[in-house]
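What follows is a set of notes on a single structure, which appears directly below.
The values are calculated or read from the model by the stated rules, or taken from the named source; none is laboratory data. Computed from a predicted model, the values in this text were never measured in an experiment. FYI the Cβ positions are ideal-geometry reconstructions off the backbone, even for glycines, and counts take in every protein chain you see.
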Amino acid sequence: MKEDYVIILLGWEKRRLVYNGLLIAVTVALCVQYNLWARLGKEFFQFNLVILAMGANLLYLTGPAMECYLTHRGRDCFWIRRGMFWGGTLFSMVLAAYTLHSIANPLQYRMLFSF
């Protein structure tokens with residue numbers, strides 16, 4: 001049983017490179033499109049990117065935790081793993097795009113969410 005958890009964790013760690021690569025690609029593309037490096041200041045923006053990247057990677061850990069739980073409950077997680085990975089990756093990419101877009105256009109979002 002312990003070997004199953006090691007295989008699960010190693011499988012998710014291999015996917016972490018794809019996850020981070022896709023998030024980096026979305027972030028760099030939107031930073032270039034919105035010219036955020038020049039507008040917000042390099043040091044300020046780099047610090048925020050590090051904090052957001054750490055948060056994204058902490059949330060990534062919910063995938064292997066959920067798969068370990070489901071495996072412990074006796075489920076075959078072959079397709080569940082893929083669904084959780086790609087669903088979580090797409091959700092993270094959309095969340096990153098939304099965050100960068102809201103940073104680039106703060107007035108639009110203040111008016112949208114003011115009650």
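Residues to consider are Tyr69, Tyr60; find the one that is under 16 Å from Ile7 (Cα atoms) and at pLDDT 90 or above.
Residue meeting the stated conditions: Tyr69.
Please go through segment 73-87 and pick out each residue that is in contact (Cβ under 8 Å) with a residue 60 or more places away in the chain and either at positive phi or in a helix (DSSP H, G or I) (or both). Explain how you work it out, then say what you get.
Initially, segment 73-87 is screened for residues in contact (Cβ under 8 Å) with a residue 60 or more places away in the chain, giving 77, 81, 85.
Arg81, Phe85 - these are the residues of segment 73-87 that are in contact (Cβ under 8 Å) with a residue 60 or more places away in the chain and either at positive phi or in a helix (DSSP H, G or I) (or both).
Out of all the residues in segment 39-54, which are at pLDDT below 90, of a type outside the set (Phe, Trp, Tyr), part of a helix (DSSP H, G or I) and surrounded by fewer than 14 Cβ atoms within 10 Å (Cβ to Cβ)?
Our first condition is that a residue be at pLDDT below 90; within segment 39-54, this holds for 39-53.
Adding the requirement that they be of a type outside the set (Phe, Trp, Tyr) leaves 39-43, 46, 48-53.
Now narrow it down to the ones that are part of a helix (DSSP H, G or I): 39-40, 42-43, 46, 48-53.
Across segment 39-54, the qualifying residues are Arg39, Lys42, Glu43, Gln46, Val50, Ile51.
Met93: surrounded by 13 or more Cβ atoms within 10 Å (Cβ to Cβ), without any contact (Cβ under 8 Å) to a residue 24 or more places away in the chain and either more than 9 Å from the chain's Cα centre (by Cα) or not in a loop (DSSP other than H, G, I, E, B) (or both), yes or no?
Spelling it out, it is not the case that Met93 is surrounded by 13 or more Cβ atoms within 10 Å (Cβ to Cβ), without any contact (Cβ under 8 Å) to a residue 24 or more places away in the chain and either more than 9 Å from the chain's Cα centre (by Cα) or not in a loop (DSSP other than H, G, I, E, B) (or both).
Quick check, is Leu36 touching a residue at least 60 places away in the same chain (Cβ under 8 Å), surrounded by 11 or more Cβ atoms within 10 Å (Cβ to Cβ) and either over 19 Å from the mean Cα position of the chain (by Cα) or over 16 Å from Leu95 (Cβ atoms) (or both)?
So Leu36 fits the description; yes.
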